[in-house]
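One structure is given here, and the rest of the page talks about it.
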Amino acid sequence: MQFFILIALFFGLASCHDVAKKQQLEELSILDKRVDHIQREYETLKKDDVSEIIYTMKELKYHVKFDVEGDTLSIEIAKKLDAYNRIYKKLNLVETYGEKILFGSQKVKNSIDNLTNDIKNGDGDRGNYDKFLAFETDKVDNLQQIMEDMIKLQKENIRAYLNVKGAVENFAAELASNN
C-alpha cells in the first residue's frame, strides 16, 4: 500500500513539474516574440535614418563654426543655432539608444534561448528557473522602455530639426558667400 502511495506521490510531483515547465516555456516563447517585435520596430524606425540627419547636421555645424565671426550673430539666429546644437546632441542620443536596442536585444535573445534549453533539458538549478525567467522579463521590459524613449526622442527632435533646418542652412549659405 505504501508503495502505491509513493508512486502516486511521485507521479503527482512529476506532473506538477511538467505543468511548471510548460508554463515557463510558454512565458519564454512570449518573451522571445516580444524581443522579435522590438527588433522589427527598431528596423522600421531605423528607416527614418537619423544617421543621415546627424551627418548633415555635423557638416553644417562645422561650416557655421568655421565661418562665423563673433559679432555677426543676431539673437534670433543665435537661438536657432543653440536649438540646432541641442537637437544634434539629442539625435546622437537616439543613435546610442539604437545601439543598446540592437546589441541588447541579441543578448536577451541568447539568454532566452539558453534558459529555454536549460528548462527543456532540466539543466541547472530548477528551483531558480522562475527567478531567471523574471530576470529575463525585466530585461525585455527595459528594452521595450528604451525603444519607447527612442521613438519619442526621435520624433520630437526630427520635428524640431525640420523647424530650424532652413534658417540654419540659409545662415550657413550667407556665411559661405561672404567668405
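Each value in this text was obtained by applying a stated rule to the coordinates, not by laboratory testing. If you're wondering where the values come from, they're calculated on a predicted model, not measured in any experiment. Positions of Cβ are backbone-derived with ideal geometry, glycine not excepted, and every protein chain shown enters the neighbour counts.
Tabulated data
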| read-out | value |
| --- | --- |
| Volume of the Cα convex hull of segment 21-178, divided per residue and given in Å³ | 111 Å³ |
| Cβ crowding within 10 Å averaged over residues, with 84-93, 128-137 ranked highest first | 84-93, 128-137 |
| ³J(HN,Hα), Karplus 6.51/-1.76/1.60, whole Hz, each residue of segment 171-178, x for Gly, Pro | 4, 5, 5, 4, 4, 5, 6, 7 |
| In nm, spacing of pseudo-spin labels at PHE103 and LEU73 (7 Å Cα→C-beta vector) | 3.4 nm |
| Over segment 92-168, volume per residue of the alpha carbon convex hull, in Å³ | 71 Å³ |
| Segment 128-152 residues near the modelled ALA20 label - backbone nitrogen below 13 Å, point 7 Å along Cα→Cβ | 128-133 |
